[in-house]
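See structure below.
Read the figures in this text as sums done on the coordinates, not as results from a lab. Predicted model, so just to flag it, every value in this text is computed and none were measured. We place every Cβ from the backbone using ideal geometry, glycine too, and count neighbours over all the protein chains shown.
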Amino acid sequence: TKNQYAYMLEGFEKKWNYVGTQRTATYTSIDPGEYVFHVKASNNDGVWNETGTSIKIIITPPFWSTWWFRLVCFIVSLLSSIIFYKVRTRNIRIRNRQLASIVKERTKELDDERNLLRTVIDLAPDSIYVKDKQCRFILCNQAHLHLLGANEQDTVIGKSDLDIFFENIARQFYLVEQ
């Protein structure tokens, strides 16, 4: 008979593997850790050498399973979130400043146009006035103030014909305006 072999991976299994004349050992799915691989053999007469030999084996975990890799991933995720937040809020602030500038510019343009229109209305020789839905004056030019016998717009603005004229005259104005 030929030499016979047996092996065992201490920390992974508890029994010896008797493999006959096969001189290889294969393990799969071994968790990271420290192990001792033992091997013993028998001679041609079948007498086993019970002391055999051994080797210490250290299996390190893959890098993605290490604590330092997880820590790095956590820090990268945290920093990425912070950077995303800061960039996003910065862009929003920039956009808000742009919009505020546009609104300010448009408001100035509207004020200028309103002032120009107001000047044109005030200088017009014809009587011009505007009333709201409750028939109260909200705008009138100098010619209309003169027609009403008023000197200041404050004496007319916000008032209706009934506040300014006798009731029968105010009713006539109301009927004409409808």
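Figures for the structure shown
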quantity	calculated
Whole-number percent relative contact order across the chain, with pairs defined as alpha carbons under 8 Å at least 6 apart	11
Rounded FRET efficiency, nearest 0.05, which uses the C-beta distance separating S127 from T107 and R0 of 41 Å	0.85
Intensity falloff of segment 29-147 expressed as log10 I(q)/I(0), Debye formula with alpha-carbon point scatterers, at q = 0.13, 0.22 Å⁻¹	-0.86, -1.18
Nonlocal amide H pairs with W16, under 5 Å, H built at 1.01 Å	none
The chain: most fluctuating residue of F69, F84, F12 per GNM, C-alpha cutoff 10 Å	F12
For K159, distant residues with modelled amide H under 5 Å away	F137
Whole-Hz couplings from phi, Karplus 6.51/-1.76/1.60, listed for segment 76-82; x for Gly and Pro	4, 4, 4, 5, 4, 5, 5
Computed [θ] at 222 nm, helices only, for the chain once each DSSP H run of length n ≥ 4 contributes -39500 (n - 2.57)	-15000 deg cm²/dmol
Vicinal HN-Hα couplings computed from phi for segment 22-37 (Karplus, 6.51 cos²θ - 1.76 cosθ + 1.60; Hz; Gly/Pro x)	5, 10, 10, 10, 10, 10, 10, 6, 8, 5, x, x, 9, 9, 10, 8
Reachable lysines, given that their alpha-carbon falls under 24 Å from the alpha-carbon of K14 and they are not under 8 places away in the same chain	K40, K56
Loop sites in segment 68-145: trypsin sites (Lys or Arg not before Pro), DSSP, at most 11 other Cβ within 10 Å	K133
Computed P(r) (all Cα pairs; segment 77-178; 5 Å bins; percent)	2, 10, 13, 15, 10, 8, 6, 6, 6, 5, 5, 5, 4, 3, 2, 0, 0
